[in-house]
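K.L.:
Just passing along the structure, written as structure tokens.
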């Protein structure tokens with residue numbers, strides 16, 4: 001750094017030499033605010049995804065616990081655990097589908113406001129929307145996994161006896 005200052009003064013003594021930094025340092029400083037906002041947005045979106053999964057788990061778990069007698073009656077009348085599994089996962093899939101039906105158009109509208117944070121991605125990129133919809137579907141189905149397993153293991157006699 002001292003050599004750069006000396007050579008600059010040798011060329012012209014009137015040029016002030018201050019705040020000398022390397023190109024990687026200058027590049028890092030120029031994108032640090034944007035990088036911070038992007039990391040913050042990523043953190044909040046991860047928290048939102050986790051909360052969505054917990055919410056779906058809670059709704060499906062509550063639904064299964066409220067329908068214990070119904071599920072017990074179905075199993076007493078010959079329903080297989082696989083059909084109970086399909087019942088619970090089907091309910092979850094309907095919830096996920098309705099959420100995507102509302103969320104995708106809302107996201108298309110809101111991407112105009114987020115377009116300043118998107119780099120190398122168009123605001124209405126179909127691949128990005130498809131990947132996000134697939135990710136949300138997988139999270140929703142994973143959240144429904146444990147309530148569906150619990151519904152499959154309902155003992156018909158115990159379910160019919162409990163009120």
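The values are calculated or read from the model by the stated rules, or taken from the named source; none is laboratory data. Predicted, not measured: the structure shown is a model, and the values here were computed from it. Neighbour counts run over all protein chains shown; Cβ positions are idealised from the backbone, glycine included.
K.L.:
Being modelled with pLDDT of 85 or more and either loosely packed, with under 10 Cβ neighbours inside 10 Å or over 30 Å from residue 90 (Cα atoms) (or both) narrows it down to one of 24, 16, so name that one.
P.N.:
Working: 16 fails: modelled with pLDDT of 85 or more.
The conditions single out 24.
K.L.:
Still on this structure, I have one more. I'd like to know if segment 134-144 contains one or more residues that are surrounded by 11 or more Cβ atoms within 10 Å (Cβ to Cβ), farther than 29 Å from residue 71 by Cα, touching a residue at least 24 places away in the same chain (Cβ under 8 Å) and touching a helix residue (DSSP H, G or I) at 6+ places or on another chain (Cβ under 7 Å).
P.N.:
no
K.L.:
Collect the residues in segment 72-121 that are exposed (fewer than 12 other Cβ atoms within 10 Å of the Cβ) and closer than 22 Å to residue 161 by Cα, keeping them in residue-number order.
P.N.:
77, 78, 80
K.L.:
Looking at the structure I just gave you, is residue 141 under 16 Å from the mean Cα position of the chain (by Cα) and closer than 26 Å to residue 50 by Cβ? Step through it out loud before you land on a result.
P.N.:
Values: under 16 Å from the mean Cα position of the chain (by Cα): yes; closer than 26 Å to residue 50 by Cβ: yes.
Yes; evaluated as a whole, the condition is true for this residue.
K.L.:
Another question, then. Return the total of residues in segment 87-115 being in contact with a helix residue (DSSP H, G or I) (Cβ under 9 Å, 6 or more places away or on another chain) and over 17 Å from residue 45 (Cα atoms).
P.N.:
Number satisfying all stated conditions: 9.
K.L.:
Ok, one more. Being over 30 Å from residue 151 (Cβ atoms), in contact (Cβ under 8 Å) with a residue 12 or more places away in the chain and part of a helix (DSSP H, G or I) is the requirement here; does residue 34 meet it? Walk me through it before giving the result.
P.N.:
Working: over 30 Å from residue 151 (Cβ atoms): yes; in contact (Cβ under 8 Å) with a residue 12 or more places away in the chain: yes; part of a helix (DSSP H, G or I): yes.
It is true that residue 34 is over 30 Å from residue 151 (Cβ atoms), in contact (Cβ under 8 Å) with a residue 12 or more places away in the chain and part of a helix (DSSP H, G or I).
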